[in-house]
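Rule-based calculations on the coordinates, nothing more; no lab input. All values reported here derive from a predicted model rather than from experimental measurement. Cβ sites come from the backbone with ideal geometry, for glycine too, and all protein chains shown count toward neighbours.
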Amino acid sequence: MKTSSRKAKGHTLEKLIRDKLIDLFYLSEEDIRIPISGEHGADLKLSKKAELVFPFKVEAKSYAKFAIYTYYDQANNHKGEHLEPLVVIKANRRRPLVCIDLDYFLGLL
């Protein structure tokens, strides 16, 4: 995949996340901006107002395939149709991480 295509894919994901956060918290594009190419730091730049309602540093990755989706599908196939799938992963000497659906996560906020 070309570098420009990879960057476009990532930019599309950043815009999706930004737009969902703007709608959820009644913010503006000035409160959550997407960094320009080559700018260091998080993939979403938050204003002080945005940090108050969304205290997270976002790193967005968009690839054709992630192994974690296999685990997410496995969790989703368990009994309990009214329950939300959740995957906990842990590498050696690292803290456990949780993976849940983006819209479900935003609903929790």
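Details
- Cα gyration tensor shape of segment 8-55, rounded if a/c is under 1.5, else prolate or oblate by comparing a/b with b/c: oblate
- Furthest towards positive pole of dipole, Leu24, Leu52, Ser4, structure part segment 1-60, Cβ charges: Ser4
- Acute angle (nearest 10 degrees) that the helix 3-25 long axis makes with the longest principal axis of the chain, alpha-carbon atoms: 90
- Each Cα pair under 8 Å and six or more residues apart adds its separation to the average, and for the chain the resulting relative contact order is 17 percent.
- Average projected area [Cα convex hull, the chain], square nanometres: 8.9
- The slack in the chain from Tyr26 to Leu52, taken as 0.36 nm per residue of separation less the alpha-carbon distance, amounts to 8.1 nm.
- Neighbour-count order for Arg95, Arg33, Arg18, fewest beta carbons within 10 angstrom listed first: Arg95, Arg33, Arg18
- Placing unit charges on the Cβ atoms only, positive for Lys and Arg and negative for Asp and Glu, gives the chain a dipole magnitude near 660 debye about its Cα centre.
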